[in-house]
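*Asks:* One structure, as structure tokens, below. Some questions next.
The values are calculated or read from the model by the stated rules, or taken from the named source; none is laboratory data. For clarity, every value in this text was computed on a predicted model and none was experimentally measured. Cβ coordinates were reconstructed from backbone atoms using ideal geometry, including for glycine residues, and neighbour counts include every protein chain displayed. Protein only, heavy atoms only, side chains kept; ligands, DNA and RNA dropped before computing areas. Shrake-Rupley method; radii C 1.70, N 1.55, O 1.52, S 1.80 Å.
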Amino acid sequence: MKYAFLFFLLVNGRVNGQNSGPRLTGMGSGGIAVTDIWALQQNPAGIAELKRPMLAVAYEQHFLDPEVSTQCAVFILPYLRNVIGISAEKYGFSEFKEQKVGISYAKSFGDSFRLAIGLRYNQLNVSQYGSAKAFTIEMGFQLKVNRALTIASHIANPNQSQYNNLPGSTLPVKLTVGGSFRFSDRLLMIADVRKFLKYPMDGMTGIEYNFIKWFSLRGGVSMNPFKQYTGFGINYNQMQLDVSVASHPSLGYSPQIALGYEF
């Protein structure tokens, strides 16, 4: 499996972007208009409303292959209406490894507008091909239109940074627009449209339903290729447990789990 997957990566590139954590993954792998610590990986503007420091770690096993995985950690530190976020991610297997470290700054302007900017260091190692590194920037915002509706946009790598010393390896420009709609205290719906430069457009949508205060169920789909997602979350006191499963039509299932602690 991993050798077929390596060929898939080298031919098509890894255009999924950062690991979005199991909460957002469970809702279709979108959610740029959602407030959550894992917004650091989708749209850092989504951390601007968080009020307490928090740390979360996640592990994803791709396509049920124990040798192909992603490990990720995120941390936020709020101060007044300012929030600093730090993320670290390691992805791949012995022949293909990708590592990312990022820092983001998010700020709230009043009760309705949130803005963020981030810097990310990317390192890629491919067996028998060599290694490369690159720096990318990202920017995003969220606008709370009313109590129910939030719209958002995010752009990654507008500077069109590329890996050095590794011909054929690229870091695509990514533009995402989306929104979230809270029907009630229990039901949240999200929808995003995502475009990687030189790749087809993708869309994703999903829902989160809080059965009780501390337990949520999630589900979603994305369109290109058609993928299905499901998951659940448990939020008890200061601890959070989130689990998701993504289903790829050709490569199979990718389960993911995350633990978070709010200080």
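*Asks:* Can you give the direction-averaged projected area of the convex hull of the alpha-carbon atoms in the stretch 26-177, in nm²?
*Replies:* For the stretch 26-177, the mean projected area of the Cα convex hull comes to 9.5 nm².
*Asks:* Reachable lysines from Lys227, Cα under 21 Å, same-chain residues fewer than 8 places away excluded?
*Replies:* Correct list for Lys227: Lys2, Lys174, Lys195, Lys198.
*Asks:* Starting from the coordinates of the alpha-carbon atoms of the stretch 170-243, obtain the Kirkwood hydrodynamic radius over all distinct pairs and give the value in Å to one decimal.
*Replies:* Answer for the stretch 170-243: a Kirkwood hydrodynamic radius of 13.9 Å.
*Asks:* Then there is this: For Lys227, what accessible surface area do you get with a 1.4 Å probe? Give it in Å², rounded to 10.
*Replies:* 40
*Asks:* Still on this structure, please answer the following. The stretch 128-174: D in µm²/s via Stokes-Einstein (Kirkwood Rh, Cα pairs, 25 °C, 0.890 mPa s)?
*Replies:* 189
*Asks:* For a quick check, take a GNM of the chain with Cα springs below 10 Å and name the residue from Gln238, Gln41, Gln142 with the largest mean-square fluctuation.
*Replies:* Judging by the Gaussian network model, the answer is Gln238.
*Asks:* Also: Under 10 Å, Cα contacts only: if you run a Gaussian network model on the chain, which one of Leu171, Leu77, Leu197 comes out with the highest mean-square fluctuation?
*Replies:* Of Leu171, Leu77, Leu197, the most mobile in the Gaussian network model is Leu197.
*Asks:* Got a number for carbon plus sulfur as a percent of the chain's accessible area, 1.4 Å probe?
*Replies:* Within the chain, the accessible surface is 63 percent carbon and sulfur.
*Asks:* Shifting gears a bit: Rounded, prolate or oblate: which one fits the stretch 135-215, using the alpha carbon gyration tensor with axes a ≥ b ≥ c (rounded when a/c is under 1.5, else prolate when a/b beats b/c, else oblate)?
*Replies:* prolate
*Asks:* With a point put 7 Å past each Cα toward its Cβ, work out how far Ala148 is from Gln71 in nm, to one decimal.
*Replies:* Label-label distance for Ala148 and Gln71, simple model: 4.4 nm.
*Asks:* Separate question: When the dipole is taken about the Cα centre of the chain, and only Lys, Arg (+1) and Asp, Glu (-1) are charged at their Cβ, what size is it in debye, to the nearest 20?
*Replies:* Dipole size: approximately 480 debye.
*Asks:* Would you mind giving the average projected area, over all directions, of the Cα convex hull of the stretch 111-263 in nm² with one decimal?
*Replies:* Averaging across all directions leaves 11.4 nm² for the Cα convex hull.
*Asks:* Moving to a separate point now. Quick one: accessible area per residue over the stretch 57-162, 1.4 Å probe, rounded to a whole number of Å²?
*Replies:* About 50 Å² of surface per residue is accessible.
*Asks:* Something else now. Provide, as a two-decimal number, the C-alpha radius of gyration of the stretch 35-95 over 2.2 N^0.38 Å, N being how many residues it has.
*Replies:* Against the compact-globule rule of thumb, the ratio is 1.32.
*Asks:* Also: Per the Cauchy relation, a quarter of the hull surface: what is the mean projected area of the convex hull of the alpha carbons in the chain, in nm²?
*Replies:* 12.6
*Asks:* Taking only Cα atoms, what is the 0 to 90° angle, nearest 10, from helix 2-12's long axis to the longest principal axis of the chain?
*Replies:* Roughly 80 degrees between the two axes.
*Asks:* Report ³J(HN,Hα) in whole Hz for each residue of the stretch 110-123, in order, from the Karplus equation J = 6.51 cos²θ - 1.76 cosθ + 1.60 where θ = phi - 60°; Gly and Pro get x.
*Replies:* x, 9, 10, 10, 10, 9, 8, 9, x, 10, 9, 9, 10, 10
*Asks:* Mind checking the per residue accessible area of the stretch 180-228 for me, 1.4 Å probe, whole number of Å²?
*Replies:* Value returned for the stretch 180-228: 62 Å² of accessible area per residue.
*Asks:* If you don't mind, there's one more thing I want to ask. Can you tally the lysine pairs in the stretch 18-165 where the Cα-Cα distance is under 15 Å and the two residues are eight or more apart, or on different chains? Could you put the intermediate results ahead of the total?
*Replies:* On the way: Lys51/Lys107; Lys90/Lys100; Lys90/Lys133; Lys97/Lys133; Lys100/Lys133; Lys107/Lys144.
For the stretch 18-165, the number of qualifying lysine pairs is 6.
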